[in-house]
Amino acid sequence: MPSAKLTAPIAVGFIVAMSLLTGERTRCHAQPPAAASATPSERPENPLAAVYRACDTDKDGGLTEAEYLNRAGREMPVLRREFKVFDFNGDGRMSLAEFLTVPVGQPEDQRGTIPDPVVLLSEARLAELTSLWKKWDQDDDDLLAANEFRAAAIPSRIRGLESSGFDDWDLDHDGKISREEAARLLDIALGVRAPTGEPLRSKDGRVLDWRMFRALNPNKNGKVRREDYVKALGPTQKPETWFPTIHAAANETFGPAEFATSSHRTDPVPQFLGMDVDLNGRLSAKELDALPPGWGPPDHNWLPGFDDDGDGEYSLHEFLLIPHVNLLAPWHSAKDADSDGKLSPGEFRFDPGVALAALSAEYFRRLDVNDDRSLSLDEYPFVTTHRPPNEIYVQFAGGKAVTITIPNYPHIYSPEISPDGKWVAVDGWNHGQTNLAAHLLIASVDTDEVRDLGFGCIPHWSADGRRIAYSKYGQGVFIRDFQGDAEEESIDRLGWAIHFSPDGKQAAYVKRSNFVIYNLATEEQRLVFPDNQSPYNSLEHNFTWSPDSRRICFKGHRANGAIDVAIVTVTGGDPNLRVHGDAKDVASDFAWHPDGKRILSPRTPPTGQRTQIFEFDPDGNKPAERFPEQPKNRNNIGVSCTRDAKTFVFMNMK
């Protein structure tokens, strides 16, 4: 979370979820409520108790799916999904306790208690300790003294608490540890309670945005001033809406107890239902993309670690455990302190004490899919100054993909695949070097062979794959044969970013603020825009030809500061300039799809998201859409494809 300003608070409910969860009638179709037979736990003060009894047509104290489908007010697919999701023990019957957890038709404070997986983790760890408690309790007082605690080696038994000591567990500092203190310590370490004892979780599954309270910088007494809270909300939020929910509207300060009852809580149960658009009771990777932005990037690499049944989707139980739901720490801001490009368990910590220590360790275990005791950027996003080498990512038809790195050249860009799909040309340089030192590099797709053709950048293949066009800083544009020790041919010492046309007859390059079309047979040169009439101050490299060799798509800068994605005609005398849109978030690395109907280019994403390739119709006006044939879990910063569109190449950054 940025230090200067908090992310927007999470609202009490979710619009998407509520669109599916419509109002509940007070009875089923089959039976009217039978108030006279209500037990104390079913009295009418809970509005769903009467509904439950009405649905229980055979009066056996449980609902079958068929009985639940009699519940009025919503469509059958929604009811079937609810029965599947809230039949927590999977016995094919819904008890009253399970029924009351369905977040429909009742106030929040009357919703039932869900089996919270984080609470269950704490209870399981406590059960492990208490099963051996009497064995450790040598003086039989049901308390553990310091010597008994050390002999039991309790910290080593709880992942994440290995470095905790007796004083951490002896919460009342009386020299003894009770079972209640052990339970409280585990709750603190797993994010069930704050270090001061306030609950961070509600019985209905809601989770306090504890990272927000901590970011408010409470004073030594744990109090936050109203003015600091208002400042942290930022100008886009309305304090008069949020502050009263803290139940301290008349006060100028509030503490964790008041904050714990506020609207700064996630409500993941209705959120889960709202995201489950296909109503199958589980969330697919695609459905997970609907996670609110403030909950962290929906990077699907963490999916396997929390998919306990291995079905490729999330049940409610699995969903309730993911970091994105449990906003207790800024999980995605973990820092690679030693800049080695990976996170150790010690670096995946957000508090120097025991708070969240066990939950952090549990998350680390699950995220560490390859079980190497470290997290890579492939497994989870984190903050690092380490720069792994860029990769050439080759995507074949049918889904097969290979990655290529080039030794001694960690910085490689401007990928161009050869027409036969066997080679990829890039430019590259080493750490500490500037792009002026770029070399022209050719990597084999099938073997480890790499050819270094010397100084050069922005490579481009001829239509027959025999020659390469390229630029040199301060020396202009060149063409040379690919094979052998061919001599390079200087085309124009003032040119930049030369590209062959698909028909093999021409090349185009940038000269000052214009395009030059170069006839390969006659060496004739002509300008696209009339001399001194270009509407642009500068044109960027890595433009692209249309498959019919009649147009060029490029990124251009105007004198007034505007930046365009534009298309110009290069045949005849009229450039017929067409501005497609604002290029402020478009990287200059275009590829015209061989079908002629799409142009691909990378888009710079909002903070925290990955750079991806987008495509747009060169002759239409629809917004650009994400190109589907690319990895979602990487930063894709360049694109090239073969003429048959069966092989795509991306420049890939982790």
Using a 1.4 Å probe and counting only protein heavy atoms, arrange 132, 441 so the residue with the most accessible area comes first. 132, 441
Express the carbon and sulfur contribution to the solvent-accessible surface of segment 337-444 as a percent, rounded to the nearest whole number, probe 1.4 angstrom. 51
Identify, among 405, 475, 463, the residue whose Cα sits farthest towards the positive end of the charge dipole of segment 331-476, taking +1 on the Cβ of Lys and Arg and -1 on the Cβ of Asp and Glu, with the dipole about the Cα centre. 475
Residues whose placed amide H lies under 5 Å from that of residue 581, excluding near-sequence neighbours: 565
Unit charges at the beta carbon, dipole of the chain: most positive-side option, 348, 651, 222: 651
Distance from segment 329-390 to segment 437-488 (C-alpha centre basis), Å: 40
Longest span of the chain, sites excluded, free of GluC sites (Glu not before Pro) in DSSP loop with at most 12 other C-beta atoms within 10 Å? 253-448
Any idea what the dipole of segment 525-654 comes to, in debye rounded to 20, about its Cα centre with Lys/Arg Cβ at +1 and Asp/Glu Cβ at -1? 400
Would you mind checking the pairs 286/335; 238/286; 134/203; 505/584; 84/286; 400/632 and listing those with alpha carbons more than 25 angstrom apart? 286/335; 238/286; 134/203; 505/584
Skip the ligands, DNA and RNA, and give the accessible area per residue of the chain with a 1.4 Å probe, whole Å². 45
Contour excess over end-to-end distance, with Cα ends at residue 109 and residue 308 and 0.36 nm allotted per residue: 68.6 nm
Translational diffusion coefficient, Stokes-Einstein: compute it for segment 131-257 using the Kirkwood radius over C-alpha pairs as Rh, at 25 °C and 0.890 mPa s, and state it as an integer in µm² s⁻¹. 143
So if I take the centroid of the Cα atoms in segment 597-654 and the same for segment 302-326, what is the distance between those two points in Å? 29
Just want the answer: with Cβ charges of +1 for Lys and Arg and -1 for Asp and Glu, which residue in 587, 635, 544 is farthest toward the dipole's positive end in segment 534-654? 635
Would you work out the charge dipole size for segment 153-202 about its Cα centre, treating the Cβ of every Lys and Arg as +1 and the Cβ of every Asp and Glu as -1, and quote it to the nearest 20 debye? 300
Everything considered on the Cα gyration tensor (a ≥ b ≥ c; rounded for a/c under 1.5, else prolate if a/b is larger than b/c, else oblate), segment 460-522 must be described as oblate
Rounded, prolate or oblate (a/c below 1.5 giving rounded, otherwise prolate when a/b exceeds b/c) for segment 49-105 by Cα gyration tensor: rounded
Segment 219-357, Kirkwood Rh and Cα Rg, ratio Rg/Rh at 1.02
Using the beta-carbon distance between residue 473 and residue 75 and R0 = 60 Å, what value does 1/(1 + (r/R0)^6) give for FRET efficiency, to the nearest 0.05? 0.40
Report the charge-dipole magnitude of the chain in Debye, nearest 20, computed about the Cα centre from +1 at each Lys and Arg Cβ and -1 at each Asp and Glu Cβ. 1840
Shape call for segment 118-172 from the C-alpha gyration tensor, a ≥ b ≥ c root eigenvalues: rounded (a/c under 1.5), prolate (a/b greater than b/c) or oblate? oblate
Viscosity 1.567 mPa s, temperature 4 °C: Stokes-Einstein D of segment 584-638 from its Kirkwood Cα radius, in µm² per second? 112
Using a 1.4 Å probe over the heavy atoms of the protein chains, calculate the carbon and sulfur portion of the accessible area of segment 497-654 as a whole percent. 45
Roughly how far apart, in whole Å, are the Cα centres of segment 558-584 and segment 152-231? 59
Normalised radius of gyration for segment 496-552, please: alpha carbon Rg relative to 2.2 N^0.38 Å, two decimal places. 1.07
Give the carbon-plus-sulfur fraction of the accessible surface of segment 49-151 in %, rounded to a whole number; probe 1.4 Å, heavy atoms of protein chains only. 53
Whole-number D in µm²/s for the chain (Stokes-Einstein; Kirkwood sum over Cα pairs; 37 °C, 0.692 mPa s): 112
Over the heavy atoms of residue 187, what accessible area does a 1.4 Å probe trace out, to the nearest 10 Å²? 30
Relative contact order (%) - criterion: Cα under 8 Å, at least six apart; region: the chain: 8
Karplus-derived 3J(HN,Hα) from phi for segment 414-431 (6.51 cos²θ - 1.76 cosθ + 1.60, θ = phi - 60°), whole Hz, x at Gly and Pro, runs 6, x, 9, 8, 5, x, 8, x, 9, 9, 10, 9, 9, 10, x, 8, 9, 4
Binned at 10 Å from zero, the C-alpha pair distances of segment 330-431 give percents of 13, 33, 26, 19, 7, 1
Principal axis dimensions, segment 208-263 - Cα atoms, whole angstrom, descending: 28, 21, 19
Can you give me the orientation-averaged projected area of the convex hull built on the Cα atoms of segment 411-456, in nm²? 3.2
If 163, 131, 339, 471 are ordered by their accessible area, calculated over protein heavy atoms with a 1.4 Å probe, which sequence runs from highest to lowest? 163, 131, 339, 471
Looking at segment 353-403, which trypsin sites (Lys or Arg not before Pro) are DSSP coil and have at most 15 other C-beta atoms within 10 Å of their C-beta? 373, 400
Approximate shape of segment 418-573 as ellipsoid semi-axes (Cα gyration tensor, √5λ), whole Å, largest first: 26, 19, 14
Radius of gyration and maximum dimension Dmax of segment 94-186, Cα, Å: 17.6, 54
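The values are calculated or read from the model by the stated rules, or taken from the named source; none is laboratory data. Nothing here was measured: the structure is a model prediction, and the numbers come from that model. All Cβ positions, even for glycine, are placed from backbone atoms using ideal geometry, and neighbour counts span all protein chains on display. The protein model used for the area step is the full one, side chains on, heavy atoms only, and it has no ligands, DNA or RNA in it. Shrake-Rupley method; radii C 1.70, N 1.55, O 1.52, S 1.80 Å.
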